[in-house]
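Presented below is the structure to which this report refers.
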Amino acid sequence: MIHDYLQENFGYSDFQIGQIRYAVVSILSEISKIIIMGIFFSYIHYFPQYLVAIAVLLTLRTCTGGLHFKHYFSCFLVSLGIIFAGVCLLPLIPVARPLYFILLLGCIIVNYFLAPIVSSYRPVPNGLQIKKSKRQAFYIITVYALIMFIAPTNRYTIAGFWIILLQSAQLIAAKLIKKEEKAEDEASDKTMDI
């Protein structure tokens, strides 16, 4: 019904309608995960830290990408695990204040060399988009480091710090997985040539 309406009234092709459908499903999927996780963190009394963590993660992840999963449930579980670790578990580890800034500098370097890592469902970014992503990641992490430098250390800034660190670690994992998949594809292509 909607498909026919879009074709008849706007002249969209099947491919364009497929893109619209993918975008709508993706947005609804992400919103539902954010709401479900919000309920969970509210229930365990970590909702304010969750809000900081999700704001930092979404801001950084939109320009850097990271691990991508084919199924809603696996994506949800990994997202929940990362945010739970960054909000509830890792803040229990005492970290000397100077070490925060050293680790954030490491995150800037990781993001510069590895970002962006996009989903296989999205087009490969061109050189200009890659530079823009790297620049945005640099600005986001640098501004966060300045906030941590100015503001007294508290549970909110610490949660955001751990999310940046985990997102950077996720980029490393995503890059290694992509590299492995590429090697497998090349090996498969060579086998077919024989």
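Counting only residues that are outside any helix (DSSP H, G or I), open to solvent by less than 80 Å² (accessible area, probe 1.4 Å) and more than 21 Å from ASN111 (Cα to Cα), the range 42-86 holds 2 of them. When the residues of the range 21-55 are filtered to those that are among the charged types (D, E, K, R) and closer than 14 Å to SER79 by Cβ, the one that is modelled with the highest pLDDT is LYS33. Close Cβ contacts (under 8 Å, 6 or more residues apart or on different chains) running from residues in the range 43-57 that are of a type in the set (Val, Ile, Thr) to residues that are modelled with pLDDT of 95 or more and open to solvent by 50 Å² or more (accessible area, probe 1.4 Å) comprise VAL52/TYR156; ILE54/ILE34.
The values are calculated or read from the model by the stated rules, or taken from the named source; none is laboratory data. What you see is a predicted model; the values in this text were computed from it and never measured. Neighbour counts run over all protein chains shown; Cβ positions are idealised from the backbone, glycine included. Heads up: the accessible areas ignore ligands, DNA and RNA and are worked out on the full protein's heavy atoms, side chains in. Shrake-Rupley method; radii C 1.70, N 1.55, O 1.52, S 1.80 Å.
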